[in-house]
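The values are calculated or read from the model by the stated rules, or taken from the named source; none is laboratory data. Because the structure is predicted, anything quoted here is derived from the model rather than measured. Counting neighbours? That spans all protein chains shown, and the Cβs are built from the backbone with ideal geometry, glycine included.
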Amino acid sequence: MPTGSRAYTRQNAPVTTRRSLLSLALASALAPAFVRDARARDVERFALGVASGSPRPASVVLWTRLTGTELPERAAVAWELARDEAFTDIAARGSETAEAAWAHSVHAEPAGLDAGRWYWYRFRALGARSPIGRTRTAPAPDAREPLQFAIASCQRYDHGHYAAWRHMADENLDLVLFLGDYIYEGASAPNAGRVRLHEGGVAETLEQYRRRHAQYKSDLALQAMHAAAPWIMVWDDHEVDNDYADLRSQSLDPRFELRRAAAYQAYWEHLPFPKALRPRGADMRIYTRADWGTLARIHALDDRQYRDPQACPRPDRGGSNTVLLKDCDPLVDAGRSLLGKRQELWLAEGWSAEHGWNLVAQQTLMARFSWRDPAGGGGLYWTDGWDGYPAARKRLLGTLVERKLKNTVVFGGDVHANYVADLRTDYDDDRSPTVATEFCGTSITSHGLAPERLAAALPFNPHIRYGSSGHHGYARFALDAKALHARLRVVDAPLDPASAIRTEARFVVEAGKPGASID
């Protein structure tokens, strides 16, 4: 295997196949071979696994968290990054201090790395060694390299097992885009229909959010996917509270700012974000950009922290509602924003004509979705998503028209269904052209819409080329200069950790032609 070239591309990339997966005694999952380095005596100190994220041409973020009893207030954690799985060719090493104040989490940031190549990493602390993770850097700015990636969202722990993560770990991906609802803050109803329960009640304090993250991270299939490739992540609402908007909670809790601060801290502690993004109180900037050589610019957005409250809420509460357009004048207020004015400006200034594609990683369905015939203002819309902020959506898409950017693809989650849609600036004008393409992926496990309800609404939304609910999984993509190929992957049995998986549908977006077609 080549180890020194900066032109290290997918032709050189290590291939992970089912022959390299472990058979786990627990029913959680199968895991790739590079996870098996943790000896039994070490597992207690690294019980939540390892992860990487924020890949750049010369750097990446490596994550772990110390676990177990009798942890000191501060502990030294050594890390190594190697060019080979056997760790005979060390590219970088260092040490971090894991502090109790930050849940003994570790966020190492090796720099000066070769662009566009794979690395392996591990940690050591308190006489124990972590599992081995695999990661990679982004291509050099002038490199022409394809991208293999997946999108995923909404992995409610008590709604199913993580068979989807087990299969994704076998896909040999360069990157994962996680689009929100990494945890769910609510308590589990104690009924026999659930496959596993959340520990404790509703998460509201720092310790409760930490325990919820740790429970999710204990799943071996999720650990395997974190160890397989770097992630770029955005949150949605359930990392804090259902349907929250800025500092307004669904219950209108006057102390919500303290709860949000606790949730943001636990989120940073458990995921591979750089130290520079460590939250300050109730503020944590997660919106960012990442370039993949000359092929693509990725814009990762935050549609929770800066938004205006949802229009026309139910009496005496915040959060979402489903309203008729004619009964909710604030819905069309041109000044309302889902991203906040500063983030809107940041996005508008960052669209790239120099890259082949602009990819938008955000939380929910962007295309209009009416539950009734929208003719004559009769549309019925859900106010928590982009339909609750139509003027903001029009501003975003209008900028693409102004810049003449044809290869923009928006990715979303949140709605627990698969959608493939045309994005237009004016859905009431049949002559309005398609300006971008959308893939909104289904959930990893979270329960979704009844298929018959979706089928009844689709005729009112002809710009949605494909809609399917009732299945769980992820979407897998292959991108090059000529086209984006999509496979919608769904598991057969979400309650079975050993479930098989299948491709529900295939689509392609050809360069220069907004809109997807069957592949």
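Values as computed for the structure displayed
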item	result
Conditions (1) out of contact with any strand residue (DSSP E or B) (no Cβ under 6 Å at 6 or more places or on another chain); (2) hydroxyl-bearing (Ser, Thr, Tyr); (3) surrounded by fewer than 24 Cβ atoms within 10 Å (Cβ to Cβ): number failed by Thr364	(1)
Selection count where residues are within 15 Å of Trp165 (Cβ to Cβ), of a type in the set (D, E, K, R) and modelled with pLDDT of 95 or more, scope the stretch 187-231	2
Selected residue (criterion: nearest to Ala421 (Cα to Cα)) from residues of the stretch 484-504 that are surrounded by 17 or more Cβ atoms within 10 Å (Cβ to Cβ) and small (Gly, Ala, Ser)	Ala486
Entirely in the stretch 1-109, the strands (runs of 3 or more DSSP E) that have 3 or more residues that are over 21 Å from Ala125 (Cα atoms) and modelled with pLDDT of 90 or more	50-56
Among the candidates His471, His447, His416, His463, residue that is crowded, with 22+ Cβ neighbours inside 10 Å and in contact (Cβ under 8 Å) with a residue 40 or more places away in the chain	His416
Some residue of the stretch 322-332 being within 21 Å of Glu438 (Cα to Cα) and out of contact with any strand residue (DSSP E or B) (no Cβ under 7 Å at 6 or more places or on another chain)	no
Any hit, the stretch 218-232, residues being assigned to a loop (DSSP other than H, G, I, E, B) and surrounded by fewer than 18 Cβ atoms within 10 Å (Cβ to Cβ)	yes
Odd one out for Pro315, checked against (1) assigned to a helix (DSSP H, G or I); (2) surrounded by fewer than 20 Cβ atoms within 10 Å (Cβ to Cβ)	(1)
Selection status of Ser54, surrounded by 22 or more Cβ atoms within 10 Å (Cβ to Cβ), under 26 Å from the mean Cα position of the chain (by Cα) and either closer than 24 Å to Pro139 by Cα or among the hydrophobic types (A, V, I, L, M, F, W, C) (or both)	yes
Test: residue in the stretch 252-268 that is in a loop (DSSP other than H, G, I, E, B), touching a residue at least 12 places away in the same chain (Cβ under 8 Å) and surrounded by 19 or more Cβ atoms within 10 Å (Cβ to Cβ)	no
Evaluation of Ala436 against (1) over 21 Å from Ser370 (Cβ atoms); (2) touching a residue at least 60 places away in the same chain (Cβ under 8 Å); (3) not in a loop (DSSP other than H, G, I, E, B) (one fails), failing number	(1)
Neighbours by Cβ (under 7 Å, 6+ apart or cross-chain): first from the stretch 269-285, closer than 17 Å to Ala300 by Cα and at pLDDT 95 or above; second part of a loop (DSSP other than H, G, I, E, B) and of a type outside the set (Asp, Glu)	Leu277/Met284; Leu277/Arg285; Leu277/Ile286
Failed item, numbered, when Val202 is tested on (1) surrounded by fewer than 19 Cβ atoms within 10 Å (Cβ to Cβ); (2) closer than 23 Å to Thr442 by Cα	(2)
Options Glu344, Glu354; residue that is in a helix (DSSP H, G or I) and among the acidic types (Asp, Glu)	Glu344
